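Worksheet for the structure shown next.
The values are calculated or read from the model by the stated rules, or taken from the named source; none is laboratory data. Keep in mind that this is a model prediction, so the values were computed, not measured. Cβ atoms come from the backbone with ideal geometry, glycine included; neighbour counts cover every protein chain shown.
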Amino acid sequence: QSHKETRGFQTEVKQLLHLMIHSLYSNKEIFLRELVSNAADASDKLRFEALTQPELLEGGAPLRIRIEADPAARTLTIDDNGIGLSRDEAIAHLGTIAKSGTAEFLKNLSGDQKKDSNLIGQFGVGFYSAFIVADQVDVYSRRAGLPASEGVHWSSHGEGEFEVETIDKPERGTRIVLHLKEGEEGYTDGWQLRSLIKKYSDHIGLPIELQKEHHGEEADKPATPEWETVNRANALWTRSKSEITDEEYKEFYKHIAHDPADPLAWTHNKVEGKLEYTSLLYTPGRAPFDLYHRDAPKGLKLYVQRVFIMDQAEQFLPLYLRFIKGVVDSNDLPLNVSREILQSGPVIDSMKSALTKRSLDMLEKLAKDQPEAYAGFWKNFGQVLKEGPAEDFNNREKVAGLLRFASTHDASGEQSVALADYIGRMIEGQDKIYYLTGESFQQVKDSPHLEVFRKKGIEVLLMTDRIDEWLMSYLHEFDGKSFVDIARGDLDLGKLESEEDKKAQEEVAKTKEALVTRLKTALGEDVAEVRVSHRLTDSPAILAIGEQDLGLQMRQILEASGQ
Ligand code: ADP
Ligand code: MG
């Protein structure tokens with residue numbers, strides 16, 4: 001029995017579908033990229049599962065994706081012989097959105113079509129994009145390993161609900177039939193399809209086939225259709241750099257990162273010798289909406305000898321580089337490698353340290369060659385990168401070089417000053433990097449702590465992110481120059497102070513001894529010490545933090561967490 005049932009989409013899916021169908025899409029054709037991308041993922045998954053269960057290959061016909069158009073019926077069919085879907089999987093995967101934070105993301109939608117279409121563009125709509133061009137979508141699928149009688153037919157008009165029914169499906173894999181909307185018949189045109197595949201899917205590692213076109217008499221058509229491969233069908237990272245175009249790199253990024261926007265930069269390397277692997281790493285162009293979600297996807301796509309092994313292999317990069325996307329293809333790891341095996345071992349450690357270095361080099365190059373793009377990167381990911389010095393002792397200096405700060409040099413409060421810029425502007429006799437932390441730029445920019453620095457023309461970094469004090473507790477020096485928190489202890493300006501200055505200060509201090517004693521008695525336990533300060537020019541008094549005490553931010557963070 002076919003056991004037909006009707007189900008409602010998850011609320012988030014309904015919202016998304018509604019938006020897509022009614023307000024978008026300036027770029028309708030991307031639906032093909034999404035469906036082909038899914039078909040390629042499905043083949044990757046089959047190859048992987050077949051490593052331990054070769055019977056899943058069911059005789060081993062080569063994996064491919066076929067695209068078939070029927071202009072008369074106005075349908076477009078995308079057929080793969082990948083892993084397929086069981087009935088339960090079809091219900092789960094084609095009725096809900098699994099991404100973390102989706103509900104919150106959708107809450108941000110304003111109802112304003114223009115703004116919302118922008119937001120949606122950041123989301124990556126995947127399978128549901130079929131409904132941009134189709135008013136009915138039929139999915140016929142059977143999961144590898146299940147009997148022919150356990151196929152599934154999923155069908156929907158992209159409104160509130162979908163139907164599922166158990167069917168017979170002898171061939172393994174998924175066939176998606178789009179019933180194109182009126183006006184979208186252009187997608188049945190062979191030439192158009194060919195150019196879309198070239199544009200979006202040339203990098204896909206398995207053949208994408210179109211039916212050979214036969215012009216002329218109907219009678220000339222062969223009885224069984226003939227297929228021809230229209231893409232290159234080589235995994236992109238296996239090709240040599242010199243023959244890959246920027247466009248191809250970008251499309252490949254969109255496929256693996258599930259991000260519809262262009263990446264900012266990439267680095268593609270083949271390593272030979274003791275260890276052999278290829279890596280292709282990308283810096284995204286913008287932060288995903290779920291960057292700060294605990295369970296947001298992170299890590300690289302891992303292949304072993306060209307066979308897909310897993311998504312989100314987190315062991316190849318440190319956490320502070322979790323925004324990096326990419327692929328690593330190893331010749332040394334065993335095909336049966338598991339997450340447990342990946343936890344440690346010399347091969348993983350050595351790959352991790354090399355990939356970390358490659359990522360940092362990529363960012364360094366971006367900062368050097370495209371400072372404006374780097375500024376954009378910093379806005380998106382700077383906070384994450386600031387975790388680096390604490391997590392990665394070996395690369396502390398390298399990461400520090402990538403950091404950007406607000407400073408007294410720039411009234412805008414933008415985080416745009418690199419430590420190297422700061423050092424380049426140091427005044428004669430200065431051998432320290434001065435900084436001040438606080439809650440906001442507004443609050444620190446007029447701090448009395450800055451008075452003496454302003455007078456002497458010394459730049460001070462202004463740090464107002466929550467993470468900054470914690471960062472500075474791991475960052476002690478850069479380029480041989482130590483950091484000094486100007487709100488701490490007895491500020492010693494060292495060589496920046498002349499002998500006369502110092503003498504004069506001592507004189508003043510002596511004459512004020514009586515005042516200091518009175519203040520100490522008056523303030524009692526509330527302060528640790530009262531001192532005559534020479535760091536002020538306009539203000540009469542200032543509160544300083546002890547050399548060894550916790551900073552204010554850190555105190556607040558600890559108090560907030562109940563410690
Ligand atoms: P994503 O690809 O980012 O996971 P999609 O919306 O594109 O999101 O697809 C949702 C899910 O539907 C996939 O994760 C997969 O489980 C399933 N799916 C889609 N297309 C196919 C297919 N051709 N074969 C097998 N499973 C598929
Ligand atoms: Mg997808």
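Can you work out which of the residues in the range 252-266 that are of a type in the set (A, V, I, L, M) and part of a loop (DSSP other than H, G, I, E, B) is nearest to Asn231 (Cα to Cα)?
Within the range 252-266, the first condition is being of a type in the set (A, V, I, L, M), and the residues that meet it are 256-257, 261, 264-265.
Remaining after also requiring part of a loop (DSSP other than H, G, I, E, B): 261, 264.
Working: Ala261: 22, Leu264: 25 Å.
Per the criteria, the residue is Ala261.
Each row is one residue, and each column tells you yes or no for (1) touching a Gly at 6+ places or on another chain (Cβ under 9 Å); (2) in contact (Cβ under 8 Å) with a residue 12 or more places away in the chain.
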{"position": "Tyr200", "(1), (2)": "no, yes"}
{"position": "Thr224", "(1), (2)": "no, no"}
{"position": "Ala235", "(1), (2)": "yes, yes"}
{"position": "Thr267", "(1), (2)": "yes, yes"}
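Given the residues Ala367, Ala373, Ala400, which is the only one that is under 18 Å from Ser473 (Cα atoms) and within 21 Å of the chain's Cα centre (by Cα)? Let's see the steps before the verdict.
Details: Ala367 fails: under 18 Å from Ser473 (Cα atoms); Ala373 fails: under 18 Å from Ser473 (Cα atoms).
Criteria check complete, one pass: Ala400.
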Condition check for Arg531: closer than 30 Å to Gln430 by Cα, touching a Pro at 6+ places or on another chain (Cβ under 9 Å) and at pLDDT below 75: no
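Is at least one residue of the range 438-455 under 22 Å from Tyr374 (Cβ atoms) and either surrounded by fewer than 17 Cβ atoms within 10 Å (Cβ to Cβ) or modelled with pLDDT under 90 (or both)?
Start the filter on the range 438-455 by keeping residues that are under 22 Å from Tyr374 (Cβ atoms), which leaves 441.
In the following step, the residues that additionally are either surrounded by fewer than 17 Cβ atoms within 10 Å (Cβ to Cβ) or modelled with pLDDT under 90 (or both) were identified as 441.
Taking every residue of the range 438-455 in turn, at least one turns out to be under 22 Å from Tyr374 (Cβ atoms) and either surrounded by fewer than 17 Cβ atoms within 10 Å (Cβ to Cβ) or modelled with pLDDT under 90 (or both).
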Some residue of the range 169-192 being free of Cβ contacts under 8 Å to residues at least 60 places away in the same chain and crowded, with 20+ Cβ neighbours inside 10 Å: yes
Output for the range 166-209, where each listed residue is among the small types (Gly, Ala, Ser) and farther than 12 Å from Ile78 by Cβ: Gly183, Gly186, Gly190, Ser195, Gly205
Where Ile30 falls short, out of the listed (1) more than 30 Å from Leu335 (Cβ to Cβ); (2) at pLDDT 95 or above; (3) within 16 Å of ligand 1 (Cβ to nearest atom): (2)
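Can you list the helices (runs of 4 or more DSSP H) lying wholly within the range 94-152 that have 1 or more residues being at pLDDT 90 or above, within 16 Å of ligand 1 (Cβ to nearest atom) and of a type in the set (Val, Ile, Thr)? So that I can check it myself, show each step before the final result.
Values: elements: 102-107, 113-121, 130-133.
Output list reads 130-133.
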Pairs with Cβ under 6 Å, 6+ apart, first in the range 143-162 and at positive phi and free of Cβ contacts under 8 Å to residues at least 24 places away in the same chain, second surrounded by 15 or more Cβ atoms within 10 Å (Cβ to Cβ) and among the β-branched types (Val, Ile, Thr): none
Test: Arg74 is among the basic types (Lys, Arg), more than 12 Å from ligand 1 (Cβ to nearest atom) and closer than 28 Å to Val304 by Cβ: no
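Does Tyr200 fit the bill of being buried (at least 20 other Cβ atoms within 10 Å of the Cβ), assigned to a helix (DSSP H, G or I) and away from ligand 1 (no atom under 15 Å from the Cβ)? Please lay out each step first, then the result.
On the way: buried (at least 20 other Cβ atoms within 10 Å of the Cβ): yes; assigned to a helix (DSSP H, G or I): yes; away from ligand 1 (no atom under 15 Å from the Cβ): no.
It is false that Tyr200 is buried (at least 20 other Cβ atoms within 10 Å of the Cβ), assigned to a helix (DSSP H, G or I) and away from ligand 1 (no atom under 15 Å from the Cβ).
Given the criterion in contact with a Ser or Thr (Cβ under 8 Å, 6 or more places away or on another chain), within 20 Å of Trp237 (Cα to Cα) and surrounded by fewer than 15 Cβ atoms within 10 Å (Cβ to Cβ), identify the matching residue among Arg358, Arg306. Write out each step before concluding.
Numbers: Arg358 fails: surrounded by fewer than 15 Cβ atoms within 10 Å (Cβ to Cβ).
Matching residue, one of Arg358, Arg306: Arg306.
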Odd one out for Ser2 among (1) at pLDDT below 95; (2) surrounded by 14 or more Cβ atoms within 10 Å (Cβ to Cβ); (3) over 28 Å from Lys198 (Cα atoms): (2)
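Kindly indicate the residue of the range 163-176 that is of a type in the set (A, V, I, L, M, F, W, C) and more than 13 Å from ligand 1 (Cβ to nearest atom) and also farthest from Glu209 (Cα to Cα) among those meeting that condition.
Taking the range 163-176 first, the residues of a type in the set (A, V, I, L, M, F, W, C) are 164, 167, 176.
Remaining after also requiring more than 13 Å from ligand 1 (Cβ to nearest atom): 164, 167.
On the way: Val164: 28, Ile167: 26 Å.
Per the stated criteria, the residue is Val164.
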Tally, over the range 456-479, of residues that are in a loop (DSSP other than H, G, I, E, B), surrounded by fewer than 20 Cβ atoms within 10 Å (Cβ to Cβ) and within 33 Å of the chain's Cα centre (by Cα): 7
Residues being part of a loop (DSSP other than H, G, I, E, B), surrounded by 20 or more Cβ atoms within 10 Å (Cβ to Cβ) and either touching a Gly at 6+ places or on another chain (Cβ under 6 Å) or among the small types (Gly, Ala, Ser) (or both) - total across the range 49-85: 3
Cβ-Cβ under 9 Å pairs, at least 6 apart or on other chains, the range 31-45 side under 21 Å from Met310 (Cβ atoms), far side more than 7 Å from ligand 1 (Cβ to nearest atom) and acidic (Asp, Glu): Ala39/Asp79; Asp41/Asp311
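Residue-wise test of (1) among the acidic types (Asp, Glu); (2) closer than 15 Å to Arg143 by Cα; (3) within 16 Å of ligand 2 (Cβ to nearest atom).
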| site | (1), (2), (3) |
| --- | --- |
| Ala42 | no, yes, yes |
| Phe48 | no, yes, no |
| Leu57 | no, yes, no |
| Pro71 | no, no, no |
| Thr75 | no, no, no |
| Ala103 | no, no, no |
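Check Asp290, Asp311 and return the single one that is assigned to a strand (DSSP E or B), surrounded by fewer than 22 Cβ atoms within 10 Å (Cβ to Cβ) and touching a residue at least 12 places away in the same chain (Cβ under 8 Å). Don't jump to the end; show me each part of the working.
Numbers: Asp290 fails: assigned to a strand (DSSP E or B).
The match here is Asp311.
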Pairs, first part of a helix (DSSP H, G or I) in the range 362-388, second among the acidic types (Asp, Glu), C-beta under 9 Å, six or more apart: Ala375/Glu414; Gly382/Asp465; Gln383/Asp465
Failed condition for Ile208, given (1) farther than 30 Å from Leu281 by Cβ; (2) modelled with pLDDT of 95 or more: (1)
Options Tyr320, Tyr277: the member that is closer than 18 Å to Trp237 by Cβ, in contact (Cβ under 8 Å) with a residue 24 or more places away in the chain and surrounded by 19 or more Cβ atoms within 10 Å (Cβ to Cβ): Tyr277
From Lys510, Lys502, residue being surrounded by 12 or more Cβ atoms within 10 Å (Cβ to Cβ) and more than 41 Å from the chain's Cα centre (by Cα): Lys502
